[in-house]
Amino acid sequence: MEKAEHCCTKYSDIPDIKEDGSENIRYDNPDFPLFCRRNFIPARQILVGMSVHWHSDIEFIYIKKGSAFYQLNDSTIKINEGEGLFVNSRQLHMLVLGDEECLLDCIIFHPMLLCSSKHIEEKFVHPIISNVSVPYLLLHESVSWESMVLEKLSDLYELSLQGDCEMKMVREVYEIWELLYDNIPQNDTGNHKYDGGFEIIKRMIAYIQEHYKETITLDLLCKAGGVGRTACTKLFMRYVNSTPIDYVRRYRIAKSTELLLNTDLTITEIAYETGFSGASFFAKTFKEMTGITPGQLRKGGTVDA
């Protein structure tokens, strides 16, 4: 298996959450919002710190070897070797457990990179990012225009390893966008049924992201979403395949892994910082969900399912 390479264009691994619960991707250069990275994911490994998220930025995944699963809104999508995934703006998504190891390229950029003028934004950018009927597209090598997108994603990654290639990278992004614009059907809002549950689950997840250090009950989540207990549970099961309270635990574990790997806080301090009632309960929950203890993770242990 080819090893993952590091690239010169990246964003901070620790998410910055906006008031609406969306992730504010912090690029190395805020004036050049384009991120490229190649990642190697071992088979059935839980991704440390990963939780369902969304952002205004456009995301592409290209599987170079192996396969991966993505939780995207209320669907689970398998991406095989040689396939890619276009994730439209503001979609709930998360890379989940896979049956085999994989090597993937991840390309993220903010739509403003394409908005050289108001005319370009309104005519070519907004129609795609506001197209509720296309939350994502699975890209195949067997489809001519999709194969061209995949090729350009590879070109983008290779360019990111070089210096002073920003102009070439922007050109590739524009060409990718032109292919999407020419081949994605125009949004037909009259035939697309609006799914209010999508915005409700976002509000409840945003509440968790803001209050995970505090006591969170099912009633508080229901209040944040403006729904009853039954509807709340159904929405969490539909979109994140988890009960509401289990998702709170998962999110707290994700935040705790960030602190374990990036701070010198003690395990007891991290337990209270992430909303657990004590170090013992935190350690017990952490091992149940990751297979290792917090101390083992801090010492470089592997987190497996």
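The values are calculated or read from the model by the stated rules, or taken from the named source; none is laboratory data. The shown structure was predicted, so the numbers you read here are calculated from the model rather than taken from an experiment. Methodologically, a virtual Cβ is constructed for each residue, glycine included, from the backbone with ideal geometry; neighbour enumeration extends over all protein chains shown.
Quick grid of which residues meet (1) modelled with pLDDT of 95 or more; (2) in the same structural domain as Asn29 (by TED's automatic domain parsing); (3) more than 18 Å from the chain's Cα centre (by Cα):
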position: Arg90; (1), (2), (3): no, yes, no
position: Leu103; (1), (2), (3): no, yes, no
position: Cys106; (1), (2), (3): no, yes, no
position: Lys118; (1), (2), (3): no, yes, yes
position: His126; (1), (2), (3): no, yes, yes
position: Ile129; (1), (2), (3): no, yes, no
position: Trp145; (1), (2), (3): yes, yes, yes
position: Glu166; (1), (2), (3): no, yes, yes
position: Trp177; (1), (2), (3): yes, yes, yes
Of the residues in the range 247-300 that are more than 16 Å from Thr215 (Cα to Cα) and of a type in the set (Lys, Arg), the one that is surrounded by the most Cβ atoms within 10 Å (Cβ to Cβ) is Arg298
May I ask you to list the residues in the range 283-302 that are modelled with pLDDT under 90 and part of a loop (DSSP other than H, G, I, E, B)?
-> Gly291, Ile292, Lys299, Gly300, Gly301, Thr302
Pairs, first under 24 Å from Ser144 (Cα atoms) and of a type in the set (Asp, Glu) in the range 67-94, second modelled with pLDDT of 90 or more and assigned to a strand (DSSP E or B), C-beta under 7 Å, six or more apart | Glu81/Ile63; Glu81/Lys65; Glu81/Ser67; Glu83/Ile63; Glu83/Leu138; Glu83/Leu139
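So that you can scan it fast, the table gives a plain yes or no per residue for (1) in contact (Cβ under 8 Å) with a residue 40 or more places away in the chain; (2) of a type outside the set (Lys, Arg); (3) under 22 Å from Tyr70 (Cα atoms):
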position: Val143; (1), (2), (3): no, yes, yes
position: Lys152; (1), (2), (3): no, no, yes
position: Cys165; (1), (2), (3): no, yes, no
position: Arg171; (1), (2), (3): no, no, no
position: Glu175; (1), (2), (3): no, yes, no
Per the filter on the range 67-84, residues surrounded by fewer than 16 Cβ atoms within 10 Å (Cβ to Cβ) and either outside the structural domain of Glu141 (by TED's automatic domain parsing) or within 11 Å of Val96 (Cα to Cα) (or both) are Thr76, Lys78
Please give the number of the condition Asp188 fails out of (1) at pLDDT below 95; (2) assigned by TED's automatic domain parsing to the domain that holds Leu104.
-> (2)
Given (1) surrounded by fewer than 17 Cβ atoms within 10 Å (Cβ to Cβ); (2) more than 21 Å from the chain's Cα centre (by Cα); (3) closer than 27 Å to Ala254 by Cβ, number of the condition Arg203 does not satisfy = (2)
Which of the residues spanning the range 253-270 are assigned to a helix (DSSP H, G or I) and farther than 22 Å from Ser242 by Cα?
-> Leu259, Leu260, Leu261, Asn262, Ile267, Thr268, Glu269, Ile270
Complete set of residues in the range 219-246 that are crowded, with 16+ Cβ neighbours inside 10 Å, in a helix (DSSP H, G or I) and either not hydrophobic (A, V, I, L, M, F, W, C) or not assigned by TED's automatic domain parsing to the domain that holds Phe282 (or both) = Gly225, Thr233, Tyr239, Pro244
